[in-house]
Amino acid sequence: MIFKATEENIFKASELIKQGECVAFPTETVYGLGANAFNSLACVKIFEIKQRPFFDPLIVHVAEFENNEMARKLAENFWPGPMTLILKKNQNIPDIVTAGLETVAVRMPDHPVARELIKKSGVPIAAPSANLFGSLSPTKAEHVLKQLGDKVKIILDAGPSRFGVESTIIDLSRGKPLILRFGGLTAEEIEKVIGRVEFSQNQQNNIVAPGQLLKHYSPHTKLLIVDSAKSAMRDFKGKRVGLLSLKKPKNKKDFVAVQILSETGDLKEAAANLFESLDRFDVMNLDLILVEPVPEIGLGRAIMDRLRRASRN
Ligand code: TXA
Ligand code: MG
């Protein structure tokens with residue numbers, strides 16, 4: 001059920017966390033499905049509800065943090081915020097959370113409700129995005145309800161997510177920092193603070209990031225990335241095609257439906273609208289969604305990453 005994220009309901013949710021139950025809660029990136037990170041049985045429930053494979057580890061959400069120098073530097077600059085750090089783990093974190101890896105993913109979210117929930121629960125909260133495994137990430141409480149239904153007792157509702165794409169994941173466990181997933185914090189911002197960082201190539205057999213599956217974040221409708229939607233339409237005459245457009249398109253008439261990510265082509269606004277736009281297309285019974293590439297700068301990298309994964313069969 002959806003509950004407005006009032007003081008009282010956050011308290012109720014924190015009581016459920018303490019009792020070993022799962023709750024869905026807003027963060028500045030996407031909605032999360034959380035459980036006490038120290039309680040393995042509670043964390044098992046996350047995997048069951050999401051139908052997520054156990055080899056895919058979870059991010060642990062904290063309200064406070066201490067660690068090594070590079071982690072501290074990044075934390076000082078970007079936490080609370082849309083950044084997840086992969087660090088060497090200690091004994092307190094159960095294997096179920098980290099899929100047996102020697103490392104753990106840690107993030108301090110910048111959403112007042114998420115922060116309050118963690119503080120009131122008194123434990124770190126393990127939370128993946130609150131969607132079914134492989135499906136679109138939820139940027140509104142309604143999206144969580146649609147995918148997870150009554151399997152979650154409390155879905156705390158605080159309106160749409162500010163960023164709309166997940167956190168940027170930086171692996172600090174292997175000497176050189178490596179970006180494993182592009183997200184709400186841009187590579188440009190990170191490089192200003194710690195200098196050059198490398199990006200993971202995301203091969204399918206890359207065990208560094210078990211969850212970085214090539215197909216992910218997918219709408220049910222087939223999605224194709226094309227250089228020119230207009231010329232691609234020649235191949236799809238008579239088909240019900242939707243256009244996902246970064247900004248106001250010149251030509252709308254070939255398409256059954258058009259979703260504009262940002263009237264002005266602003267990448268930040270576009271990221272915030274991405275998953276919801278794909279979700280809207282999904283109920284329109286289309287044969288295909290076409291999308292042209294967006295510039296791979298700033299949040300454009302996270303957008304293109306999600307689109308590429310969504311376009312995999
Ligand atoms: O913005 C976010 O990060 C959202 C909100 C709820 O905080 N959470 C989120 O969680 O996106 P999830 O589970 O959907 O994605 C977590 C990713 C997965 O790809 C997982 O494989 C990776 O983090 N991950 C977790 N622990 C890891 C580790 N120790 N090493 C490498 N990758 C890890
Ligand atoms: Mg996810």
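The values are calculated or read from the model by the stated rules, or taken from the named source; none is laboratory data. This structure is a prediction, so every number in the text was calculated from the model and none was measured. Note that we place each Cβ from the backbone using ideal geometry, even for glycine, and neighbour counts take in every protein chain shown. With ligands, DNA and RNA removed, areas are computed over all heavy atoms of the protein, side chains included. Shrake-Rupley method; radii C 1.70, N 1.55, O 1.52, S 1.80 Å.
Listed here are the residues, each with its yes/no results for (1) in the same structural domain as P80 (by TED's automatic domain parsing); (2) under 16 Å from A63 (Cβ atoms); (3) in contact with a strand residue (DSSP E or B) (Cβ under 8 Å, 6 or more places away or on another chain).
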| residue | (1), (2), (3) |
| --- | --- |
| E102 | yes, no, yes |
| R107 | yes, yes, yes |
| D110 | yes, yes, no |
| E116 | yes, yes, no |
| K120 | yes, yes, no |
| A126 | yes, yes, yes |
| S129 | yes, no, yes |
| L132 | yes, no, no |
| S137 | yes, no, yes |
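For the range 69-102, what are the residues that are in a loop (DSSP other than H, G, I, E, B) and within 19 Å of F182 (Cα to Cα)? Give the steps one after another, and end with the answer.
So the first thing to find is which residues in the range 69-102 are in a loop (DSSP other than H, G, I, E, B), and the list is 79-82, 89-94, 99-102.
Matches in the range 69-102: W79, P80, G81, P82.
So which residues in the range 6-20 are surrounded by fewer than 24 Cβ atoms within 10 Å (Cβ to Cβ) and touching a helix residue (DSSP H, G or I) at 6+ places or on another chain (Cβ under 7 Å)?
Hits for the range 6-20 are F11, S14, K18, G20.
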Q: Pick out the one residue from A99, A126, A114, A105 that is within 16 Å of ligand 2 (Cβ to nearest atom), of a type outside the set (F, W, Y), at pLDDT below 95 and out of contact with any Lys or Arg (no Cβ under 9 Å at 6 or more places or on another chain).
A: A99
Q. Restricting attention to the range 64-79, which residues are surrounded by 14 or more Cβ atoms within 10 Å (Cβ to Cβ), without any contact (Cβ under 8 Å) to a residue 60 or more places away in the chain and in contact with a helix residue (DSSP H, G or I) (Cβ under 8 Å, 6 or more places away or on another chain)?
A. F65, N67
(Q) Given the criteria within 15 Å of the chain's Cα centre (by Cα) and on the phi < 0 side of the Ramachandran plot, does P160 qualify? (A) yes
Q.
Can you say whether I194 is surrounded by fewer than 21 Cβ atoms within 10 Å (Cβ to Cβ), more than 30 Å from A24 (Cα to Cα) and touching a residue at least 60 places away in the same chain (Cβ under 8 Å), as far as the supplied structure shows?
A. yes
**Q.** Filter result (out of contact with any strand residue (DSSP E or B) (no Cβ under 9 Å at 6 or more places or on another chain) and either open to solvent by 50 Å² or more (accessible area, probe 1.4 Å) or at pLDDT 95 or above (or both)) within the range 197-210
**A.** Q201, Q203, Q204, N205, I207
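What number of residues within the range 248-265 satisfy the criterion of being surrounded by 15 or more Cβ atoms within 10 Å (Cβ to Cβ) and either under 24 Å from the mean Cα position of the chain (by Cα) or not in a loop (DSSP other than H, G, I, E, B) (or both)?
7
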Q | In the range 104-143, the residues that are assigned to a helix (DSSP H, G or I) and either β-branched (V, I, T) or within 11 Å of ligand 1 (Cβ to nearest atom) (or both) | A | V113, A114, I118
Q: For V44, work out the one condition from (1) of a type in the set (A, V, I, L, M); (2) away from ligand 1 (no atom under 12 Å from the Cβ); (3) at pLDDT below 95 it doesn't fulfil.
A: (3)
**Q.** Qualifying positions in the range 80-110 - buried (at least 23 other Cβ atoms within 10 Å of the Cβ) and of a type outside the set (A, V, I, L, M)
**A.** P82, T84, R107, P109
(Q) Here is a check on your reading of the model: is E276 under 20 Å from M304 (Cβ atoms), outside any strand (DSSP E or B) and open to solvent by 60 Å² or more (accessible area, probe 1.4 Å)? (A) no
(Q) Can you find, within the range 21-45, the residue that is least open to solvent (accessible area, probe 1.4 Å) among those that are more than 21 Å from P109 (Cα to Cα) and among the hydrophobic types (A, V, I, L, M, F, W, C)? (A) V44
Q: State whether one or more residues within the range 123-143 are among the basic types (K, R), within 18 Å of P26 (Cβ to Cβ), in contact (Cβ under 8 Å) with a residue 60 or more places away in the chain and open to solvent by less than 50 Å² (accessible area, probe 1.4 Å).
A: no
Q: For E48, work out the one condition from (1) out of contact with any Phe, Trp or Tyr (no Cβ under 8 Å at 6 or more places or on another chain); (2) among the acidic types (D, E); (3) crowded, with 18+ Cβ neighbours inside 10 Å it doesn't fulfil.
A: (3)
Q.
So K268 ticks every box in (1) under 22 Å from S135 (Cα atoms); (2) in contact with a Pro (Cβ under 9 Å, 6 or more places away or on another chain) but one. Which box is left unticked?
A. (2)
